[in-house]
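Asks: Mind looking over this structure? Questions follow.
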Amino acid sequence: MCILVFDWQPDTEQPLLLLANRDEFHARPSAPLMQWDDQPLVHAGRDLEAGGSWLGAAPGRRFAALTNIRQVEPAGPRSRGDLVSSFLAGELTPAGYMQQLASVSGRYSGFNLLVGDAHQLWFLHSNTQQPQRLAAGIYALCNASLDTPWPKLVRLRSAFSQMDRTDDQALLALMRDSWRPDDSMLPDTGIGLAVERQLSSVFITGDDYGTRATSLLRMDTQQISLIEQSFAAGGVDAGMRSLVIG
C-alpha cells in the first residue's frame with residue numbers, strides 16, 4: 001500500500017472512512033479481496049509471493065493497513081504484509097498489538113502501520129518504534145510518515161476533506177488522480193529524479209509498476225464494508241470486489 005487518506009471519528013455512527021491505493025510491480029502475484037481459507041477471520045487482498053496483505057478487516061470492526069517507507073535499505077528478514085494479517089487473525093487489542101510489535105519492528109523493512117477498531121486507532125512508524133494513538137481527525141499517509149507534506153499527499157488530503165463522503169463512486173474516482181507536481185516540489189528520497197516523477201501521482205500508471213488496487217473501507221456502528229477495485233498494467237480496470245464484515 002503506497003498512499004491512503006482517512007477520516008477517523010471514534011465512537012460515532014461512522015468511526016472510519018478510509019481510501020487507499022496499493023502500488024506494486026504488476027508481475028508480483030496477488031489475490032483480490034476475499035475471506036482467507038487458512039485464516040478465516042482475515043478479509044483482505046493477498047500478496048501471493050510472501051503471503052501477507054496491505055489492507056484488510058476482521059469481525060469486531062477490526063482493521064489494519066500498511067505502507068512501506070521509501071528508503072534505500074536491505075530487505076528485512078520478515079515480510080511486512082504479515083503485520084496486517086497477524087493483527088486481523090489475532091485477539092490482541094490495537095494498543096496491545098502495537099506495544100508488542102514496537103520492540104521487534106527492526107525485523108522488518110521500514111513500514112508505516114495502522115491498526116484499529118471502532119474505539120481506538122494506533123499508528124507505528126518503524127523507524128521511531130513509538131506507537132501513537134491517534135485523536136479524531138483527517139489524516140493522510142504515504143511512504144514517509146503520517147501527514148508528511150509530499151505534494152500528492154497534500155493534494156489528496158485537501159480534496160478528500162471537501163468531498164461528499166456518501167458517494168462511493170466519487171470517492172473511488174478521487175484515487176484515480178494522475179496529476180504530477182513540478183520537479184521542484186518533489187521529495188528527494190534517494191531513488192533518482194526519474195523514479196520520483198513516476199511515483200509522484202496518487203494513481204500511478206505503468207507497464208511494469210503502478211497502482212494495482214484502490215480500496216474503500218467504511219466502518220459504521222455494526223460492520224465494515226470493504227470495496228476493492230483492481231487494475232492491470234497501464235491502469236486498465238481489472239474488476240471490483242466487495243465484502244461486508246460484521
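The values are calculated or read from the model by the stated rules, or taken from the named source; none is laboratory data. Just so it is clear, the model here is predicted, and its values are computed rather than measured. Every residue, glycine as well, gets a Cβ built from its backbone with ideal geometry; the counts of neighbours run over all protein chains shown.
Asks: For the range 174-230, which residues satisfy the criterion of being basic (Lys, Arg) and surrounded by 15 or more Cβ atoms within 10 Å (Cβ to Cβ)?
Replies: Across the range 174-230, the qualifying residues are 176, 180, 212, 218.
Asks: Which residue is nearest to residue 217 (Cα to Cα), if the candidates are limited to the range 170-199 and must be of a type in the set (A, V, I, L, M) and outside any helix (DSSP H, G or I)?
Replies: It comes out as 175.
Asks: Mind listing whichever residues of the range 1-54 are among the acidic types (Asp, Glu) and crowded, with 16+ Cβ neighbours inside 10 Å? Break it down into steps so the answer makes sense when it comes.
Replies: Applying the first criterion (among the acidic types (Asp, Glu)) to the range 1-54 yields 7, 11, 13, 23-24, 37-38, 47, 49.
Within the range 1-54, 7, 23, 24, 47 meet the criteria.
Asks: Still on this structure, please answer the following. Of the residues in the range 36-62, how many are in contact with an Asp or Glu (Cβ under 8 Å, 6 or more places away or on another chain) and in a loop (DSSP other than H, G, I, E, B)?
Replies: Within the range 36-62, residues that are in contact with an Asp or Glu (Cβ under 8 Å, 6 or more places away or on another chain) and in a loop (DSSP other than H, G, I, E, B) number 7.
Asks: Anything in the range 135-160 that is in a helix (DSSP H, G or I) and without any contact (Cβ under 8 Å) to a residue 60 or more places away in the chain? List them, or say none.
Replies: 151, 154, 155, 158, 159, listed by residue number.
Asks: OK, next. Which one of these is in contact (Cβ under 8 Å) with a residue 24 or more places away in the chain, surrounded by fewer than 23 Cβ atoms within 10 Å (Cβ to Cβ) and of a type in the set (Gly, Ala, Ser): 79, 86?
Replies: Matching residue, one of 79, 86: 79.
Asks: State whether the residues of the range 111-134 include one that is farther than 23 Å from residue 168 by Cβ, over 18 Å from the mean Cα position of the chain (by Cα), part of a loop (DSSP other than H, G, I, E, B) and touching a residue at least 60 places away in the same chain (Cβ under 8 Å).
Replies: For the range 111-134, residues farther than 23 Å from residue 168 by Cβ, over 18 Å from the mean Cα position of the chain (by Cα), part of a loop (DSSP other than H, G, I, E, B) and touching a residue at least 60 places away in the same chain (Cβ under 8 Å): present.
Asks: Here are some residues: 227, 191. Which one is β-branched (Val, Ile, Thr) and in contact with a helix residue (DSSP H, G or I) (Cβ under 9 Å, 6 or more places away or on another chain)?
Replies: Details: 191 fails: in contact with a helix residue (DSSP H, G or I) (Cβ under 9 Å, 6 or more places away or on another chain).
Sole residue among the options that is β-branched (Val, Ile, Thr) and in contact with a helix residue (DSSP H, G or I) (Cβ under 9 Å, 6 or more places away or on another chain): 227.
Asks: Of these, 22, 28, which one is basic (Lys, Arg), part of a loop (DSSP other than H, G, I, E, B) and at pLDDT 95 or above?
Replies: So the residue among 22, 28 that is basic (Lys, Arg), part of a loop (DSSP other than H, G, I, E, B) and at pLDDT 95 or above is 28.
Asks: Do the conditions hold for residue 239, that is, is it touching a strand residue (DSSP E or B) at 6+ places or on another chain (Cβ under 9 Å) and on the phi > 0 side of the Ramachandran plot?
Replies: Numbers: touching a strand residue (DSSP E or B) at 6+ places or on another chain (Cβ under 9 Å): yes; on the phi > 0 side of the Ramachandran plot: yes.
Taking the combined requirement at face value, the residue satisfies it.
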